[in-house]
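The values are calculated or read from the model by the stated rules, or taken from the named source; none is laboratory data. These figures come from a predicted structure and were not determined experimentally. Because the Cβ atoms are built from the backbone with ideal geometry, glycine has one as well, and the counts that use them run over all protein chains shown. Heavy atoms of the whole protein, side chains included, go into the accessibility calculation; ligands, DNA and RNA do not. Shrake-Rupley method; radii C 1.70, N 1.55, O 1.52, S 1.80 Å.
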Amino acid sequence: MVKERARILVVGGGYVGMYTALRLQRKLKQELKRGEVEITVVTPDPYMTYQPFLPEAAAGSISPRHVVVPLRRVLDRCHVVIGEAEMIDHAKRTAAVTTLATDEEGAGPERLEYDELVLAPGSISRTLPIPGLAEHGIGFKTVEEAIGLRNHVIEQMDIASSTRDPAVRDAALTFVFVGGGYAGVEALGELEDMARYAARYYHNVEPDDMKWILVEASDRILPEVGEEMGRYTVTELRRRNIDVRLHTRLESCVDRVAVLDDGARFPTRTVVWTAGVKPHPLLAGTDLPRNEHGRLKCTPQLTIEGTTHAWAAGDAAAVPDVTAEKPGTETAPNAQHAVRQAKVIGDNIAHTLRGEDLETYAHKYVGSVASLGLHKGVAQVYGRKLKGYPAWFMHRVYHLSRVPTFNRKARVLAEWTLSGLFKREIVSLGSLEHPRAEFELAAGGKPPTDPKGSS
Ligand SMILES: Cc1cc2nc3c(=O)[nH]c(=O)nc-3n(C[C@H](O)[C@H](O)[C@H](O)COP(=O)(O)OP(=O)(O)OC[C@H]3O[C@@H](n4cnc5c(N)ncnc54)[C@H](O)[C@@H]3O)c2cc1C
């Protein structure tokens, strides 16, 4: 039984936000029933995105609705507020939140008061001031970006198939990915595989007409699966005719020409930027301590250093890795840590409310699995190295076991089973991004121009 009514504010509805709220719902079931505790989750979208499935969503193996988890359904004992925290004053225990309603009414942000804060806004793409990147780059962190990229790639194949201009055709069939972490490698692997398959339905586009280029500044890709498996991935991608360039940086993409620092120039309509993440800018709008990389400084118990009643985890937090041999090591920003840290935060908030001792977060990274297209993969888990079909199979089994809710597991499994029985989906629904275009044309207005300039 808690001493007095506690208002818990969770900022972010991603891995950390959703799993913390789920844990709190379970741990504080009786307190919630008695009205002693109130949990509010503030997040811009009404769903949690299972990011490891984004590459498969881009390839069309999983439909976009099944990559996301509806927060209102799973967090049925919490208040879910669709909005964005703009500023947090922890000294006063208040957060300024904008919602669709505050935007509509032109009112300023709403002030939410709290007793316990869980700050988990995740990260955003880490970009560099590369000329042309802001205008032409495409990110790969959200379901909208993944589906947008899928539509865009198929659209480029349609453009290449119908143009008579060889320069336009060449640029349309050139796809540049910058950044060799799992987001970039999996997205490229899945999309290349999908485009290679789709090419069989085009009378004048062959897989060898397409150029897929992976640009990585360091000497290796996919560090998450270890050095040896990273080297295997380079060999495997090159075997598929993918141009993997290590020790290489993108210098410019002005006028839709990707210029690399090794002197190569690729006219292209597709530059996908997956070169790392940085903590969410909201953190700068708080009175909480951050490290030199902008992450919230945390203790091993996941409180924010030097504060009480403030907690953080996931991509936004610098959490000491107590299992590491080297002192000062922090846990890597990935889902494996985020999910486990969320459970510890949930438990520790319950302990705090009951006056009990806190738990320490300790998890040794067990390795990773990555998909490189249908039936292709690479993995290193608990020191075991797998490649090809077994790794791909393990990737699917692992993520099926991890995707939240039985409902999502069943739907994803059904989709995979059906796509094994029938042909793959190769349709582009890019027009969904402009649902009013047809009507506006009929009504005599001007159709909207594509911001990506892809058609
Ligand atoms: C394509 C891709 C593939 C990946 N694959 C893997 C993988 O295979 N294995 C793995 O371990 N990790 C993987 N990751 C990384 C993993 O998804 C992240 O580490 C994890 O999502 C971090 O969890 P988080 O809760 O900190 O952030 P997120 O899950 O990103 O959640 C942050 C939440 O905060 C919300 N938010 C943002 N701003 C505000 C605001 N102002 N107010 C309120 N809410 C806000 C966001 O909308 C979001 O809901 C992948 C990432 C990507 C992009």
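Sort through G285, G276 and tell me the only one that's over 30 Å from H351 (Cα atoms), within 12 Å of the ligand (Cβ to nearest atom) and at pLDDT below 95. Walk me through how you get there before you give the answer.
On the way: G285 fails: over 30 Å from H351 (Cα atoms).
Of G285, G276, the one residue that is over 30 Å from H351 (Cα atoms), within 12 Å of the ligand (Cβ to nearest atom) and at pLDDT below 95 is G276.
Give P44, P64, P70 a once-over and let me know the one that is more than 9 Å from the ligand (Cβ to nearest atom), open to solvent by 30 Å² or more (accessible area, probe 1.4 Å), without any contact (Cβ under 8 Å) to a residue 60 or more places away in the chain and under 30 Å from E224 (Cβ atoms). Step through it out loud before you land on a result.
Details: P44 fails: more than 9 Å from the ligand (Cβ to nearest atom); P64 fails: without any contact (Cβ under 8 Å) to a residue 60 or more places away in the chain.
Result: P70 is the single residue among P44, P64, P70 that is more than 9 Å from the ligand (Cβ to nearest atom), open to solvent by 30 Å² or more (accessible area, probe 1.4 Å), without any contact (Cβ under 8 Å) to a residue 60 or more places away in the chain and under 30 Å from E224 (Cβ atoms).
Mind telling me which of the residues D208, D243 ends up being under 30 Å from V427 (Cα atoms) and open to solvent by less than 60 Å² (accessible area, probe 1.4 Å)? Before the answer, list the steps.
Details: D208 fails: open to solvent by less than 60 Å² (accessible area, probe 1.4 Å).
Answer to the selection: D243.
For the range 344-358: of the residues being over 31 Å from the mean Cα position of the chain (by Cα) and part of a loop (DSSP other than H, G, I, E, B), which is surrounded by the most Cβ atoms within 10 Å (Cβ to Cβ)?
E356
Considering only the range 359-368, state which residues are within 15 Å of the ligand (Cβ to nearest atom) and either open to solvent by less than 10 Å² (accessible area, probe 1.4 Å) or out of contact with any His (no Cβ under 7 Å at 6 or more places or on another chain) (or both).
Taking the range 359-368 and keeping what is within 15 Å of the ligand (Cβ to nearest atom), we get 361, 363-368.
Hits for the range 359-368 are Y361, K364, Y365, V366, G367, S368.
Which of the residues spanning the range 293-310 are open to solvent by 20 Å² or more (accessible area, probe 1.4 Å) and either modelled with pLDDT of 95 or more or within 13 Å of H90 (Cβ to Cβ) (or both)?
Of all residues in the range 293-310, those open to solvent by 20 Å² or more (accessible area, probe 1.4 Å) come to 293, 295, 297, 299-301, 303, 305-309.
Scanning the range 293-310 gives R295, K297, T299, P300, Q301, T303, E305, G306, T307, T308, H309.
Conditions (1) basic (K, R); (2) closer than 25 Å to Y197 by Cβ; (3) more than 13 Å from the ligand (Cβ to nearest atom); (4) touching a strand residue (DSSP E or B) at 6+ places or on another chain (Cβ under 8 Å), marked per residue:
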residue	(1), (2), (3), (4)
G383	no, no, yes, yes
G388	no, yes, yes, yes
H395	no, yes, no, yes
R411	yes, yes, yes, no
L418	no, yes, yes, no
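Counting only residues that are closer than 23 Å to P289 by Cβ and not in a loop (DSSP other than H, G, I, E, B), which one in the range 317-339 is nearest to the ligand (Cβ to nearest atom)?
A338
Collect the residues in the range 223-279 that are in contact with a strand residue (DSSP E or B) (Cβ under 6 Å, 6 or more places away or on another chain) and in a loop (DSSP other than H, G, I, E, B), keeping them in residue-number order.
If the condition is that a residue be in contact with a strand residue (DSSP E or B) (Cβ under 6 Å, 6 or more places away or on another chain) and in a loop (DSSP other than H, G, I, E, B), then G226, I242, T248, C253, D261, T268, A275 are the ones that fit.
Just to be sure before I move on: is R34 exposed (fewer than 15 other Cβ atoms within 10 Å of the Cβ) and among the basic types (K, R) in the structure I sent?
Numbers: exposed (fewer than 15 other Cβ atoms within 10 Å of the Cβ): yes; among the basic types (K, R): yes.
Judged against the criteria, R34 is a match.
Give the residues of the range 116-135 that are away from the ligand (no atom under 11 Å from the Cβ) and open to solvent by 50 Å² or more (accessible area, probe 1.4 Å), sorted by residue number.
So the first thing to find is which residues in the range 116-135 are away from the ligand (no atom under 11 Å from the Cβ), and the list is 116-117, 126-135.
Once the filter is applied, which keeps residues that are away from the ligand (no atom under 11 Å from the Cβ) and open to solvent by 50 Å² or more (accessible area, probe 1.4 Å), the range 116-135 yields R126, T127, L128, P129, P131, A134, E135.
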